[in-house]
Amino acid sequence: MSDANRSGIGNSDNVCNDAEFMLSANSRKLTALGICGLFLCLTILSVVSSPQVDAIYLDKKSDDFQTSNSANLNINGSESGSIFSNSVLDIGSSGPVVILNNGTAVEWANGTPIFSEGEIISTSEPCVILVNYSMYCEGSNNYGQLGIGSTSGNSGYVSFNQEPIVIESGSHHSCAILIDASLWCWGRNNHGQIGEGSTTNQVSPVQIDLGTGVDAVAVSAGSEHTCAITGAGDVMCWGYNIRGALGDGTTSDSTSPVLANHSTGERAVALVTPGRSTCVIFENGSVGCWGNKYTVFADQGAVTGNVYIVDLGTSVNATMIDGVGQHTCAVTDDGSMQCWGVNTHGQLGDGTCSSIINSNCSGDNRFPGEGDSTTDVSLSAGLSVLAATTGADSTCAILSDHSIHCWGAQSGEFDNTSDSKLSPYEMIFSDGNNIAFSDQDIDNDGNRNIFDTHQSGDSDGDGVSDSNDDYPNNPARWVECPDGQFGRLQCINADAGHFSLSGALVQNTCTAGDFQPLSGQSNCLSTSAGHYTDSDGSSTQLQCPSGFFQSSIGQTSCTPADAGSFVKPNGNDAGDTFSDSISLSLMSANYNAAMDDGVDFSDMFSINLSRFLWFSINLSTPIEPLFNFDLELYNSTFDIVDNSSTNETFEEVSTSSNNTNAELYYIKVINRGLNRTAINYSFILNLRNTQTQTQIGSNSTQVDVEHGIESTQCSSGHWQDQTGQSSCNVANSGYYSYGVGSTSQIACTLGYYQPSPGSSGCIIADPGYYVPTTASSTQTPASSGNYVNSSGAFSQQACAAGTYQPLSAQTTCYAANAGYFVPNSGLANQTSCSPGTYQPLSGQPSCLLADMGHHVSSSAATNQTGCTIGNYQPSTGQAYCIDASPGYFVNSNLSISQSPCEVGTYQPQSGQSYCLVADPGYFVNSSASPNQNPCMPGTYQPLSGESSCLIAEPGFFVNTTAAISQISCNAGTYNPWSGADESTDCLLADMGYYVPLPASTSQLSCTAGTYSATLGQIICDYADTGHYVADDNATSQEPCEVGYWQSQLGQISCEIADPGFYVDSPASDHQTPCTIGYYNSNSGSITSFDCVAADPGHSVAIPGSSFQTPCVAGTYQPAGGNSECIEAALGYHVPLSGATGQIGCSMGSFQDQLAGTECFEATPGHYVDSHFASSQKACPQGT
């Protein structure tokens, strides 16, 4: 189980990081298209052939649980977080992952399995344990969750002081159990989930203190808390405890391990940490859980109990358990499977789902702690579960037929859709028999490892009695294996190609240059001379390929033969002396060799013997007449230490079987018989350990001891320019070579040849022959037209021009006859002069060409003929004269050219002496024209002999071809363009415009005060009275608005009604005055009601008045709307203007005039004795 990035807490960018599983990158063998380039980013573990990996010789068999065939296991299975099992089934961020027994990881993309070869034995994303018990992690590292010492890298090896055997990863932290049963954790620590006593993130593993002498046998890393099972079966937890997941009876976080008080009295044998809860399997097979929805039901809520026992059914016990996020599954002892928790995507596997946003879901979530029962997974009838794993929203299981079934949420990995699988869905997978199962019952007593512990006399509680336990105080290790075997819990023979030493946890791989054909060995064998191994883990040595050799033992490659040399395909000959002996590897083997025919009587071999080793050599004389083979054994000082010359068919020599020294020995095989023909023989070298007398190697190993041990130089007449060849090339014909070791053949030089292959020299060419090229295998006779007059020539001589030779192999040439010519050297015949040429002389190398203006019409002519009028010839050597072409003329004899008709002229016929003048309406615009061209519409030409037509001017048009004049546009139309070719090109004057004259090029704008309401006008209309046109280009006149008037034509605006006037209708040509007695002080009045009646005390005497006049002093007006004021009556006065009434004179005063402004006081001697008096009275006499 790996909780990383599967609990819904991880970052989304981990799809291509934390999802990766480290594999041996040599291979990265993809059996289905895709992995990271296919949009899924399945970077299946990039533990590639890096220097670190190569240095530790990764191996594919290093775990006690695995074999090459799962059928050899007592109980197949896989369990995460336990020292008793590897974890080979996981659900990562990209879906399920299965590990095969060769270390290959299998993932699925688009429903198709993806195989990536690697070296993995246990996985928990983002980390894996490799076959050499190293750990490699890859993915996101923002919290240090990779454990590589910093947060900067995204992959690397995790450093421990001992080998990790268990890896368990949570959301952002991981824990490992080491070979000494100690527990180490690293990564995010915001709630103390690392367990080292702080909340500081840890970028490297830190050891977790479980208590003095307390070992860890299982661990589970959840989202934010961690739990472990101790060697005593106790459960200790630490980290986030808001829902009581630590099981200590509180909801307080703990940064150090605390004992989970489940109070059952049972030892825990397996555990998981899904979400904010913890579940364990107890030794009685029951499942107990505490935390969220078991014993605590709210954040920091009340703790309702120590543990909740999940009801799996009557007499039903759990054997495996896994849980991530919010669901948990248990495998029971009858092989069935039960799940509980959230079921939004069908992850419980009963065919239902509980999502409220999916209308197809009608099932429920199942929480046993809230009274729900568990859910039985709908498995195929008759099949049981071998291993199970859970993801954030999905579940997978390996069934007893080794098929893999998954259900719940997917992103295409199940069946290339995004549809949730509500019931177990069988994945495409045919390698179930190769799954790297762990044996769940190592001792084959019928009890699973996790239940088979704490026996009597078992100090560490690992299920192995102290008397049989090499590590009685360490539950993580049981055995100390002898040489040739390795293991942690049980000893396994080292594979062929590998070896192991005493106490080894893993087998070591034989390095390149070594091999080991046997299993269960403690060393590797050096390759023999003439052999090599180029890869680690070889179980056989390879013969050097054809053309390659190797004179030393223990080599990783063979050397190609140099150019000029080769390696004999049937083997070389062992030397006869100590210095050229063949080295033998330190191993037992059956060596095959040969004596060559007639020249090879002995072979020498050497072996550099290590301390505490000894050997014997057994040789059987070939059963052939007159053969007698003997053996001699020499030490490093060349003294004979043993020999065998029995004259029998069997010979044997040996070193001391008690040897304790390292020394070089030589073995000499001698044929002392009379038969010296070529013969094959063999001898057996038996190498043993002096102390144990165990054989090193095997007599069944066959070694062709003389194969590929050296290269041989090419002999004279042979060569080789390539390296790594098994033969030399014979010098070709035309080539030669001499001496030995030639890297190339030499070409015969010019004048020499060689018809035979394999020659050492070349032959000089005979007289009459020549050799013109190098590397020639023949000489060449002089050809006709040529001659050769010496030997050793590398070329022939050509007959000179003017001479010829019709025969081959000749020494002289003939002169050409008169009337003929020989134009070049080396010709076999003379040639007659052809038409167009002539030659009056003999013996010439060429004929004369007819001059320009002349021609020669027959062959062998002696004269040329001049061209006549109408003909010409511009070239020499012609057989005829040429007629003047149409468009040209020739007007003299012996012409060498024709004259083109000038521009403006043309000639439609050939052979003419003059040209025609172009007609009016036509033109000729180029010389040598055979035709005149009509002026096209839009153009015209009134003259003859012209080179072009005139373009119709603006204001005109031409609508016919060959026109001699242009037509003017009528008045009212215009044409702004030249070249108009239609009458319609004359445009009607637009409304608002006019064209007064014909041939106009533009229209004129109607100016303000005028307008044009129709097209094609020759004049604009004046605006009527009562109207106006304010702007140029007007298409209509506008009526004066009410309040305005216009009495004249052609005006650009209307007059506003003056004060004292009004205009009460539109388009008015006059304004109306206010009547007398009324006035109007405003302009622009639109109604008679705008005329205001004169106020009392005022008058308006004239129409059209803009103001009222106050009555002057002496007058008054009591009423409004009057045109005049009333004079004050006699006896009255009006002292001020604007008066509305007159004032009567009081007694003592009078007014004797009209319009008086005051009353006069009675003058002295007078009086006024009444009001309103118009006169004074004289005082009576006496007064």
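The values are calculated or read from the model by the stated rules, or taken from the named source; none is laboratory data. Small disclaimer: the values here were computed from a predicted structure and weren't measured. Cβ: placed from backbone, ideal geometry, glycine included. Neighbour counts: every protein chain shown.
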Original post:
Which residue out of SER929, SER948 is surrounded by fewer than 20 Cβ atoms within 10 Å (Cβ to Cβ) and part of a loop (DSSP other than H, G, I, E, B)?
Top reply: SER948
**OP:** Enumerate the strands (runs of 3 or more DSSP E) found wholly within the range 639-688, keeping only those where 1 or more residues are exposed (fewer than 13 other Cβ atoms within 10 Å of the Cβ).
**Re:** 640-644, 650-654
Original post:
How many residues, within the range 485-510, are in a loop (DSSP other than H, G, I, E, B) and within 27 Å of GLN440 (Cβ to Cβ)?
Top reply: 13
Original post:
Could you say whether any residue in the range 1146-1158 is out of contact with any Gly (no Cβ under 6 Å at 6 or more places or on another chain), under 25 Å from CYS1074 (Cβ atoms) and not assigned by TED's automatic domain parsing to the domain that holds PRO1059?
Top reply: no
Subject >> Filter result (among the aromatic types (Phe, Trp, Tyr) and in a loop (DSSP other than H, G, I, E, B)) within the range 790-816 >> reply: PHE794
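Looking only at the range 866-889, count every residue that is under 28 Å from SER834 (Cα atoms) and assigned to a loop (DSSP other than H, G, I, E, B) and tell me the total.
Residues meeting the conditions: 15.
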Original post:
Any idea which residue in the range 740-771 is surrounded by the most Cβ atoms within 10 Å (Cβ to Cβ), counting only those that are within 30 Å of GLN797 (Cα to Cα) and under 60 Å from the mean Cα position of the chain (by Cα)?
Top reply: CYS748
Subject >> Wholly within the range 553-634, strands (runs of 3 or more DSSP E) carrying at least 3 residues that are farther than 30 Å from GLY739 by Cα >> reply: 588-595, 602-609, 613-620, 629-634
Subject >> Total residues in the range 374-407, condition without any contact (Cβ under 8 Å) to a residue 40 or more places away in the chain, assigned to a strand (DSSP E or B) and more than 38 Å from the chain's Cα centre (by Cα) >> reply: 2
**OP:** Working carefully through the options THR1007, THR961, find the one that is surrounded by fewer than 19 Cβ atoms within 10 Å (Cβ to Cβ), more than 22 Å from PRO942 (Cα to Cα) and not assigned by TED's automatic domain parsing to the domain that holds ILE1086.
**Re:** THR1007
**OP:** For residues that are farther than 13 Å from THR251 by Cβ, in contact (Cβ under 8 Å) with a residue 24 or more places away in the chain and assigned to a strand (DSSP E or B), tally how many sit in the range 263-307.
**Re:** 12
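Residues checked against (1) more than 25 Å from ASN608 (Cβ to Cβ); (2) of a type in the set (A, V, I, L, M, F, W, C); (3) surrounded by fewer than 24 Cβ atoms within 10 Å (Cβ to Cβ):
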site	(1), (2), (3)
GLY497	no, no, no
SER519	yes, no, yes
SER526	no, no, yes
ASP534	no, no, yes
LEU542	no, yes, yes
GLY547	yes, no, yes
THR556	no, no, yes
VAL567	no, yes, no
Subject >> Residue in the range 116-156 that is farthest from GLY103 (Cα to Cα), counting only those that are surrounded by 21 or more Cβ atoms within 10 Å (Cβ to Cβ) and among the hydroxyl-bearing types (Ser, Thr, Tyr) >> reply: SER140
Original post:
Restricting the search to the range 894-909, which residues are without any contact (Cβ under 8 Å) to a residue 40 or more places away in the chain and in a loop (DSSP other than H, G, I, E, B)?
Top reply: SER897, GLN898, CYS901, GLU902, GLN907, PRO908, GLN909
Original post:
Restricting the range 323-346 to residues that are small (Gly, Ala, Ser) and either surrounded by fewer than 18 Cβ atoms within 10 Å (Cβ to Cβ) or outside any loop (DSSP other than H, G, I, E, B) (or both), which is nearest to the chain's Cα centre (by Cα)?
Top reply: GLY323
Original post:
Can you name the number of the only condition in (1) assigned to a strand (DSSP E or B); (2) over 17 Å from THR230 (Cβ atoms) that HIS191 fails?
Top reply: (1)
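Take THR1001 and tell me if it is farther than 30 Å from GLN1048 by Cα, without any contact (Cβ under 8 Å) to a residue 60 or more places away in the chain, buried (at least 21 other Cβ atoms within 10 Å of the Cβ) and not aliphatic (A, V, I, L, M). First the steps, then the outcome.
Details: farther than 30 Å from GLN1048 by Cα: yes; without any contact (Cβ under 8 Å) to a residue 60 or more places away in the chain: yes; buried (at least 21 other Cβ atoms within 10 Å of the Cβ): no; not aliphatic (A, V, I, L, M): yes.
Here the answer is no, as THR1001 does not meet what is asked.
What residue, among those in the range 258-302 that are of a type in the set (Gly, Ala, Ser) and closer than 13 Å to ILE229 by Cα, is nearest to the chain's Cα centre (by Cα)?
Ranking the candidates gives ALA270 first.
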Subject >> Out of ASN959, ASN970, ASN931, sole residue that is at negative phi and touching a helix residue (DSSP H, G or I) at 6+ places or on another chain (Cβ under 8 Å) >> reply: ASN959
Original post:
Hey, among the residues in the range 367-377 that are of a type in the set (Gly, Ala, Ser) and surrounded by fewer than 16 Cβ atoms within 10 Å (Cβ to Cβ), which one's farthest from GLY346 (Cα to Cα)?
Top reply: GLY371
**OP:** Output the qualifying pairs, or none if there are none: Cβ atoms under 8 angstrom, residues six or more apart or on different chains, first residue in the range 633-647 and acidic (Asp, Glu), second residue assigned to a loop (DSSP other than H, G, I, E, B).
**Re:** ASP642/THR655
Original post:
In the range 347-362, how many residues are of a type outside the set (S, T, N, Q) and either more than 43 Å from the chain's Cα centre (by Cα) or under 20 Å from LEU312 (Cα atoms) (or both)?
Top reply: 4
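With the structure loaded, tell me whether ALA1008 is in a loop (DSSP other than H, G, I, E, B) and either in contact with a Ser or Thr (Cβ under 6 Å, 6 or more places away or on another chain) or within 30 Å of THR961 (Cβ to Cβ) (or both) or whether it fails that test. Break it down stepwise before answering.
Values: in a loop (DSSP other than H, G, I, E, B): yes; either in contact with a Ser or Thr (Cβ under 6 Å, 6 or more places away or on another chain) or within 30 Å of THR961 (Cβ to Cβ) (or both): no.
No; evaluated as a whole, the condition is false for this residue.
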Original post:
Can you pull out the residues in the range 245-257 that are within 48 Å of the chain's Cα centre (by Cα) and either surrounded by fewer than 20 Cβ atoms within 10 Å (Cβ to Cβ) or assigned to a loop (DSSP other than H, G, I, E, B) (or both)?
Top reply: ALA245, LEU246, ASP253, THR255, SER256
Original post:
Out of curiosity, is SER1068 surrounded by fewer than 19 Cβ atoms within 10 Å (Cβ to Cβ), assigned by TED's automatic domain parsing to the domain that holds GLY1043, among the polar types (S, T, N, Q) and within 30 Å of TYR1022 (Cβ to Cβ)?
Top reply: no
Original post:
Residues in the range 589-598: is at least one touching a residue at least 24 places away in the same chain (Cβ under 8 Å), surrounded by 21 or more Cβ atoms within 10 Å (Cβ to Cβ), assigned by TED's automatic domain parsing to the domain that holds ALA678 and not aliphatic (A, V, I, L, M)?
Top reply: yes
Original post:
Within the range 1046-1062, how many residues are hydrophobic (A, V, I, L, M, F, W, C), part of a loop (DSSP other than H, G, I, E, B) and within 17 Å of SER1105 (Cβ to Cβ)?
Top reply: 1
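Residue-by-condition table, conditions (1) under 32 Å from the mean Cα position of the chain (by Cα); (2) at pLDDT below 95; (3) polar (S, T, N, Q):
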| position | (1), (2), (3) |
| --- | --- |
| GLU117 | yes, yes, no |
| TYR136 | yes, no, no |
| SER150 | yes, no, yes |
| GLY153 | yes, yes, no |
| SER174 | no, no, yes |
